[in-house]
Amino acid sequence: MVCEGQISADDPRAPDVRALLERHMAAMLAATPPEHAFALDVAGLLDPAISFFSFRAGGELLGVGAIKRLDAGHAEIKSMHTAAAARGRGVGRAILDHLLRVARSEGLRRVSLETGTMAEFAPARALYESAGFTACGPFGDYQPSDDNCFMTLVLTSDAAIPKVDDVTSSTLLRGRCHIDHVRGGGGGDIFSLLDLGPLLSRAVLLKIVLPGHAAEGVVGDGRGHGS
């Protein structure tokens, strides 16, 4: 059953929100060693870089989630939690979709997250994978550990991707690559071809040229950490 409700900006200090966040913190600390638990408390969620949202149905709080801006193009998903009684009803997916819409509306190009490697976090990992997130290395101030896994998603507007040859496009996607528009002009558009492998570590710039213009091919490449 898919739950119907409303997602809106909310105050982490509201009594019912605070109570849900306390249950979230308790669950995270019960499943993860304290040194590798990075859930935010109410005070942490008041950071100006964070936008916090709640999912309510008939006034009842069913879930929360937040997005934290790391820099001009990169944000992190935080504090995703669905009330126990509402799990399996699509609340988490609705909140995640909302957070990604917020990120796109602000012109962010990448959204990443940290979650646990334990069995308790398997549903969360499956949710993120179903939304297109793939494994990556630690980002921001995180350090690698056996208790934490990191995932990332490159955000793309479908309108920014040209209708190139279907065979080439589908082959790239099957190869876990991603085409993203960078800039246009000069008879062609510049796109980045990003390797979405486990370390998200390789990017190649290529120029797709409009008919009637000389082909330019690969114009540069680079290597670096994906976050």
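Distance between the C-alpha centres of segment 8-31 and segment 111-153: 20 Å, rounded to the whole angstrom.
In terms of the Cα gyration tensor, with a ≥ b ≥ c the square roots of its eigenvalues, is segment 6-154 rounded because a/c is under 1.5, prolate because a/b exceeds b/c, or oblate? It comes out rounded by the Cα gyration axes.
By other beta-carbon atoms within 10 Å, ranking Asp47, Asp10, Asp141 with the fewest at the front produces Asp141, Asp47, Asp10.
Basic side chains Lys and Arg get +1 at the Cβ, acidic Asp and Glu get -1 at the Cβ, and with that the dipole of segment 6-154 about its Cα centre reaches some 540 debye. Here the label points at Ala85 and Glu4, each 7 Å from Cα along the C-beta direction, are separated by 2.0 nm in the simple model. Neighbour counts of other Cβ atoms within 10 Å put Glu4, Glu76, Glu114 in the fewest-to-most order Glu4, Glu114, Glu76. Taking every alpha-carbon pair under 8 Å whose residues sit at least 6 apart, segment 1-112 reaches a relative contact order of 27 percent.
Rule-based calculations on the coordinates, nothing more; no lab input. Computed from a predicted model, the values in this text were never measured in an experiment. No Cβ is skipped: glycine too gets one built from the backbone with ideal geometry, and neighbour counts run over all protein chains shown.
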